[in-house]
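First comes the structure, then the notes that go with it.
Coordinate-derived values only; no laboratory data. As the structure is a computational prediction, the values presented were derived from the model and not from experiment.
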Amino acid sequence: MRCGLTCCAVQHALEDDGALLLPKGNADDADVQRRYGKEFLDSGLASFTAVTRDAQAISSEASDYSKTVFETGADALQKLISAKSIEKAVEIQTAYAKQAYEGFVAEVARISELYADMAKDAYKPFEAAVAKAK
């Protein structure tokens with residue numbers, strides 16, 4: 001009796017010696033299955049490579065942004081310390097807040113683009129297999 005779970009389906013598909021039972025048919029069927037299996041494996045590896053590359057790009061972008069934010073914050077603090085009046089300090093703080101906000105919005109847009117590109121790159125190797133399945 002089969003339970004329908006994946007692990008049980010795999011267990012039931014194995015012979016006593018551990019060899020995978022292929023559906024009965026001619027040798028061409030087995031070749032087709034091997035070819036599709038290899039194609040799927042190659043697509044998976046290409047997808048993993050693309051995701052890894054894009055994740056590194058995202059990490060690098062986030063690191064660069066963090067460095068920039070720290071430097072601009074340190075510059076703003078130095079300017080605030082050297083301010084001679086309250087009006088000048090408010091002006092410096094306002095300029096820094098505006099710059100920080102605009103920089104954040106630009107960075108969010110950039111990171112969003114990188115994540116969208118990562119999703120496209122991860123799916124691209126499977127497009128051919130999906131097209132064949134239709």
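Under the definition of Cα pairs under 8 Å and six or more residues apart, what whole-number percent is the relative contact order of the range 51-134? Walk me through the numbers on the way to the answer.
Working: 28 pairs, mean separation 40.9, N = 84.
Normalised by residue count, the contact order of the range 51-134 is 49 percent.
The distance linking the range 108-134 with the range 57-79 is 30 Å (Cα centroid to Cα centroid, whole angstrom).
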